[in-house]
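Here is the structure we will look at.
The values are calculated or read from the model by the stated rules, or taken from the named source; none is laboratory data. Bear in mind that the values here come from a model prediction, so they are computed numbers and not experimental data. Here Cβ is always computed from backbone atoms with ideal geometry, including for glycine, and neighbour counts include all displayed protein chains. Calculation scope for accessible area: heavy atoms of the full protein, side chains included, ligands and nucleic acids excluded. Shrake-Rupley method; radii C 1.70, N 1.55, O 1.52, S 1.80 Å.
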Amino acid sequence: MGGEIEGGERRLGRVLSFGIPDTALGLVMGYVEDPWDRDAISLVCRHWCRIDALSRKHVTVAMSYSTTPERLFRRFPCLESLKLKAKPRAAMFNLISDDWGGSASPWIRQLSATFHFLKKLHLRRMIVSDDDIAVLVRAKAHMLVSLKLDRCSGFSTPSIALVARSCRKLETLFLEESAIAEEENDEWIRELATHNTVLEMLNFYLTDLRASPEYLTLLVRNCQRLKTLKISECFMPDLVSLFRSAQALQEFAGGAFEEQDQPVAIRNYENYYFPPSLHRLGLLYMGTNEMQILFPYAAALKKLDLQFTFLSTEDHCQIVQRCPNLETLEVRDVIGDRGLQVVAQTCKKLQRLRVERGDDDQGGLEDEQGRISHVGMMAVAQGCPELTYWAIHVSDITNAALEAVGTFSRNLNDFRLVLLDREANITELPLDNGVRALLRGCTKLRRFAFYVRPGALSDVGLGYVGEFSKSVRYMLLGNVGESDNGILQLSRGCPSLQKLELRGCFFSEHALAMAALQLKSLRYLWVQGYRASATGSDLMAMVRPFWNIEFIAPEEDEPCPELKKQILAYYSLAGRRTDCPPSVTPLYPAF
């Protein structure tokens with residue numbers, strides 16, 4: 001019976017391929033961009049798998065230890081673009097030690113030697129040395145068009161200068177939130193300005209890199225195609241010439257309204273010039289006295305980032321009500337419920353909304369209106385039906401607010417909620433029924449994060465999550481559940497879940513192992529805070545071929561170390577890691 005089915009599948013593959021030249025089939029596959037769809041195509045038959053391998057232009061490797069560069073090259077020898085991630089996402093929140101691993105060296109050596117068509121490289125949360133960059137430049141300088149070092153560390157500004165000087169075809173240089181040595185040396189910007197005329201994006205936002213206004217102005221004059229410029233702190237009055245020269249600029253972020261080592265002076269920014277092509281804007285450390293800089297351009301803005309500003313709730317209201325065409329808005333929770341109500345009334349085209357936690361210690365900046373509750377959430381859900389991405393930090397929440405999201409925000413593919421610990425009492429707990437309504441209504445959801453407090457989501461609620469998360473591929477849950485039964489209920493559903501992160505849930509090792517076995521699509525599991533056994537032996541129940549299990553010990557001086565133990569488990573064709581620091585113990589495969 002099984003042989004007949006396999007033979008039928010082979011015949012079907014031959015029938016589907018019959019009469020379609022390989023060149024045409026490769027061109028058709030080129031229009032299929034979703035990696036899940038490409039994977040499904042490659043499983044039709046060996047012939048289609050081979051055509052997929054030769055026509056695939058981009059691959060994302062979500063975990064650098066999950067395969068080897070040699071294997072990747074054998075599978076996709078014609079890659080033009082590669083995105084490679086290393087450290088767990090928890091590293092962004094300082095939950096992973098700096099020495100965890102994630103060196104780019106073995107990858108860059110192999111990429112430089114064998115990937116002959118590679119033009120775009122995106123490294124995320126990796127350690128990239130100056131030697132790595134030198135190797136890459138020697139091999140790829142003549143063809144590299146995009147280099148993204150995204151939240152990376154280990155390299156210095158002379159290496160960036162080498163890239164700028166050598167890669168004459170570079171269109172994208174991305175360094176956002178990277179830790180870069182010799183940050184005072186801005187000669188690399190001059191090198192980029194004098195050796196490149198095709199640059200379209202330069203991003204060193206949220207870094208400590210020094211940026212000379214003169215070099216930046218030279219850059220925009222020589223790079224007439226520059227569309228995106230995101231920089232570090234640089235005094236806005238010194239950038240007037242830059243903006244008058246950058247007539248093609250569509251996005252700017254960075255700047256500053258206080259000159260370093262100079263007394264604060266009140267300036268009039270009412271007539272400040274931005275090029276008419278500018279539609280996406282984010283300004284650092286803007287306050288009430290400076291927000292007038294936005295008013296003449298607000299109606300044309302499609303993206304506005306106010307996360308790193310000194311604005312009150314009222315200031316946010318005044319700005320947002322002038323921005324009817326916003327598609328992306330990023331703010332802190334100081335915007336408050338009233339600010340979100342203005343968003344709902346004004347921004348009918350809004351597709352992405354991000355509300356981060358504000359600083360509780362900013363000397364009263366977070367005024368009494370600067371809190372988000374179910375009131376603001378319900379207003380946005382009802383007023384902004386085009387939302388596809390919504391990340392929000394709230395101080396209070398109800399089931400009705402989550403139900404409103406499920407009812408009105410049907411286009412969401414990414415929803416993330418964090419319930420802060422500012423309020424002693426929450427209006428309504430648990431939130432089981434609200435989560436059920438949200439997941440039932442938002443059928444397009446692919447990414448779901450729900451980080452709350454104990455008691456906010458019961459075992460019953462986790463069962464709803466499993467039942468109604470049919471298309472969710474990534475999930476983060478914090479402080480959820482009451483017992484092991486909760487995670488086991490969840491794992492009976494979630495058929496598409498590939499990546500699961502749990503924090504502060506305190507399920508037992510055995511329950512976590514059983515859940516990992518039941519989640520048939522699971523490729524990656526990260527847990528911090530669980531009921532550990534004396535030896536960790538209960539985790540062995542999840543052992544299977546190609547499944548790496550690692551224990552990450554907390555730092556010795558950390559308070560409550562029992563709460564900081566971590567488990568990382570992931571599929572890997574590369575076998576056990578060989579570069580584990582003392583804080584990481586491979587449990588399987590064992591030494």
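Could you tell me whether any residue of the range 259-273 is surrounded by 16 or more Cβ atoms within 10 Å (Cβ to Cβ), under 24 Å from Leu239 (Cβ atoms), modelled with pLDDT under 95 and not basic (Lys, Arg)?
Going through the range 259-273, the residues surrounded by 16 or more Cβ atoms within 10 Å (Cβ to Cβ) turn out to be 269, 272.
Now narrow it down to the ones that are under 24 Å from Leu239 (Cβ atoms): 269, 272.
Now drop any that are not modelled with pLDDT under 95, which leaves 269, 272.
If we keep only those that are not basic (Lys, Arg) too, we end up with 269, 272.
Looking for residues that are surrounded by 16 or more Cβ atoms within 10 Å (Cβ to Cβ), under 24 Å from Leu239 (Cβ atoms), modelled with pLDDT under 95 and not basic (Lys, Arg), one finds at least one in the range 259-273, hence yes.
Pairs, please: C-beta under 8 Å, at least 6 apart or cross-chain, first residue on the phi < 0 side of the Ramachandran plot and aromatic (Phe, Trp, Tyr) and in the range 445-473, second in a loop (DSSP other than H, G, I, E, B) and open to solvent by 10 Å² or more (accessible area, probe 1.4 Å)?
Taking only residues 6 or more apart or on different chains, the pairs are Tyr451/Asn479; Phe468/Gly493.
How many residues are more than 23 Å from Ala62 (Cβ to Cβ), touching a strand residue (DSSP E or B) at 6+ places or on another chain (Cβ under 8 Å) and open to solvent by less than 40 Å² (accessible area, probe 1.4 Å) when one looks only at the range 505-528? Spell out the reasoning first.
The initial filter retains those residues of the range 505-528 that are more than 23 Å from Ala62 (Cβ to Cβ), namely 506-511, 514.
Within this subset, residues satisfying the condition of being touching a strand residue (DSSP E or B) at 6+ places or on another chain (Cβ under 8 Å) are 506-509.
From what is left, the residues that are open to solvent by less than 40 Å² (accessible area, probe 1.4 Å) are 507-509.
Number satisfying all stated conditions: 3.
Restricting the first residue to the range 281-294 and requiring it to be over 20 Å from Gln250 (Cα atoms), which pairs with a second residue that is part of a helix (DSSP H, G or I) and at pLDDT 95 or above meet a Cβ separation below 6 Å and a spacing of at least six or different chains?
These pairs meet every condition: Thr288/Asp315.
The conditions are (1) open to solvent by 30 Å² or more (accessible area, probe 1.4 Å); (2) in a loop (DSSP other than H, G, I, E, B); (3) modelled with pLDDT of 90 or more, and Thr60 fails exactly one of them. Which is it?
(2)
Within the range 250-257, can one find any residue that is closer than 23 Å to Leu304 by Cα, buried (at least 16 other Cβ atoms within 10 Å of the Cβ), at pLDDT 95 or above and hydrophobic (A, V, I, L, M, F, W, C)?
Yes: the range 250-257 contains one or more residues that are closer than 23 Å to Leu304 by Cα, buried (at least 16 other Cβ atoms within 10 Å of the Cβ), at pLDDT 95 or above and hydrophobic (A, V, I, L, M, F, W, C).
Does the range 551-562 contain at least one residue that is on the phi < 0 side of the Ramachandran plot, hydrophobic (A, V, I, L, M, F, W, C) and modelled with pLDDT of 90 or more?
Narrowing the range 551-562 to residues on the phi < 0 side of the Ramachandran plot: 551-559, 561-562.
With the extra rule that they be hydrophobic (A, V, I, L, M, F, W, C), the set shrinks to 551-553.
Okay, now just the ones that are also modelled with pLDDT of 90 or more, so 551-552.
Yes - at least one qualifying residue is present in the range 551-562.
Output yes when any residue across the range 168-181 is touching a Cys at 6+ places or on another chain (Cβ under 9 Å) and assigned to a helix (DSSP H, G or I), and no when none is.
The answer is no, given that none of the residues of the range 168-181 is touching a Cys at 6+ places or on another chain (Cβ under 9 Å) and assigned to a helix (DSSP H, G or I).
Can you tell which of Leu192, Leu229, Leu199 is assigned to a loop (DSSP other than H, G, I, E, B), of a type outside the set (Val, Ile, Thr) and in contact with a strand residue (DSSP E or B) (Cβ under 9 Å, 6 or more places away or on another chain)? Quick ask: steps written out before the conclusion?
Numbers: Leu192 fails: assigned to a loop (DSSP other than H, G, I, E, B); Leu229 fails: assigned to a loop (DSSP other than H, G, I, E, B).
Being assigned to a loop (DSSP other than H, G, I, E, B), of a type outside the set (Val, Ile, Thr) and in contact with a strand residue (DSSP E or B) (Cβ under 9 Å, 6 or more places away or on another chain) holds for just one of Leu192, Leu229, Leu199, which is Leu199.
Can you find a residue that is surrounded by 17 or more Cβ atoms within 10 Å (Cβ to Cβ), among the aliphatic types (A, V, I, L, M), modelled with pLDDT of 95 or more and not in a strand (DSSP E or B) anywhere in the range 419-427? Step through it out loud before you land on a result.
First pass over the range 419-427, keeping only residues surrounded by 17 or more Cβ atoms within 10 Å (Cβ to Cβ): 419-420, 426.
If we keep only those that are among the aliphatic types (A, V, I, L, M) as well, we get 419-420, 426.
Filter again for modelled with pLDDT of 95 or more, leaving 419.
Filter once more, so that each one left must be not in a strand (DSSP E or B): none.
No, the range 419-427 has no match at all.
Looking at the range 513-548, which of its residues are of a type in the set (Val, Ile, Thr) and at pLDDT below 95? Show your work before the answer.
Going through the range 513-548, the residues of a type in the set (Val, Ile, Thr) turn out to be 527, 535, 543.
Hits for the range 513-548 are Thr535, Val543.
Filter the range 219-249 down to the residues that are over 19 Å from Phe308 (Cα atoms), open to solvent by 10 Å² or more (accessible area, probe 1.4 Å) and not β-branched (Val, Ile, Thr) and list them by number.
Within the range 219-249, Arg221, Asn222, Gln224, Arg225, Lys227, Asp238, Ser241, Arg244, Ser245, Gln247, Ala248 qualify.
Picking from Leu216, Leu118, which residue would you name as being surrounded by 17 or more Cβ atoms within 10 Å (Cβ to Cβ) and not in a loop (DSSP other than H, G, I, E, B)? Can you show your working first?
On the way: Leu118 fails: not in a loop (DSSP other than H, G, I, E, B).
Result: Leu216 is the single residue among Leu216, Leu118 that is surrounded by 17 or more Cβ atoms within 10 Å (Cβ to Cβ) and not in a loop (DSSP other than H, G, I, E, B).
Tell me which residues, restricted to the range 529-538, are closer than 14 Å to Leu587 by Cα and open to solvent by less than 40 Å² (accessible area, probe 1.4 Å).
Quick first cut of the range 529-538, residues closer than 14 Å to Leu587 by Cα only: 532-538.
Ser533, Gly536, listed by residue number.
Can you find, within the range 296-334, the residue that is least open to solvent (accessible area, probe 1.4 Å) among those that are of a type in the set (Val, Ile, Thr) and in contact (Cβ under 8 Å) with a residue 40 or more places away in the chain? Step through it out loud before you land on a result.
To start, the set of residues in the range 296-334 that are of a type in the set (Val, Ile, Thr) comprises 309, 313, 319-320, 328, 331, 334.
Filter once more, keeping what is in contact (Cβ under 8 Å) with a residue 40 or more places away in the chain: 313, 328.
Working: Thr313: 0, Thr328: 23 Å².
Only one residue fits best here, namely Thr313.
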